[in-house]
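See structure below.
Throughout, read-outs are computed from the coordinates displayed, never taken from laboratory work. Here the structure is a predicted model, which means the values were calculated and not measured. In this analysis, Cβ positions are derived from the backbone assuming ideal geometry, glycine residues included, and neighbour counts consider all displayed protein chains.
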Amino acid sequence: MQGLRLGGHPLHPALVHFPVVCWTVVPVLDLGYLLTRAPAWWQASFWCGVVGGVMGLVAMCAGFMDLMAMAEDHPGQAVAERHMMLMGSAWCLAVVALILQRPDRMPDPLQAWASFGLSVLGFFALGLGAYQGARLVYDFNVGHNPRPSK
């Protein structure tokens, strides 16, 4: 399996750090807003959500290309499909939470709590999906460069 590579290394694992960080920070920022009602928390959450959503889409495209390069009979195929579904769910939850946010006006309490709840659910989907991605690398050697022959 080759997939999308840059300099001989798989591109997907290099891209996932951006959405992981952003989608981890968004619930914390939302909670900061809920506790303080300070607009800076809400605006920072919005912009982290934007970066996470855009970079998540880029990472998903690279991951999908890797999935398409994987043989159908590969032993990690089911794990790869679970990883894709969980990460796609995390992205969808993050985007819906982002739709609830507008950086130019402060939310009503229901909107703020809904955004927080969706971002927390997205974070859990992210964690489950990341675990499946780690299984692909460590249990099935997906994305590893072949060992050089001596």
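Summary of values
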{"quantity": "Percentage relative contact order, the chain, counting C-alpha pairs under 8 Å, at least six apart", "calculated": "30"}
{"quantity": "0 to 90° range, to nearest 10: angle between helix 17-36 axis and the chain longest Cα axis", "calculated": "20"}
{"quantity": "Förster-model FRET efficiency, 30 Å R0, residue 140 and residue 92, C-beta, rounded to 0.05", "calculated": "0.70"}
{"quantity": "Computed Kirkwood radius, in angstrom, where 1/r is averaged over Cα pairs of the stretch 47-150", "calculated": "15.3"}
{"quantity": "Cα-based helix-to-principal-axis angle, 39-69 vs the chain, degrees rounded to 10", "calculated": "20"}
{"quantity": "Anisotropy class of the stretch 43-89 from Cα gyration tensor, a/c 1.5 cut", "calculated": "prolate"}
{"quantity": "Theoretical gain in end-to-end length, residue 14 to residue 124 [0.36 nm per residue, Cα-Cα removed]", "calculated": "37.5 nm"}
{"quantity": "Degrees between helix 109-138 axis and first principal axis of the chain (Cα, 0 to 90, nearest 10)", "calculated": "10"}
{"quantity": "Charge dipole magnitude, Cβ of K and R +1, D and E -1 - the chain, Cα centre, debye nearest 20", "calculated": "320"}
{"quantity": "For residue 142, residues with placed amide H under 5 Å, excluding near neighbours", "calculated": "137"}
{"quantity": "FRET efficiency for residue 24 and residue 102, using Cβ-Cβ distance with R0 set to 22 Å, rounded to 0.05", "calculated": "0.50"}
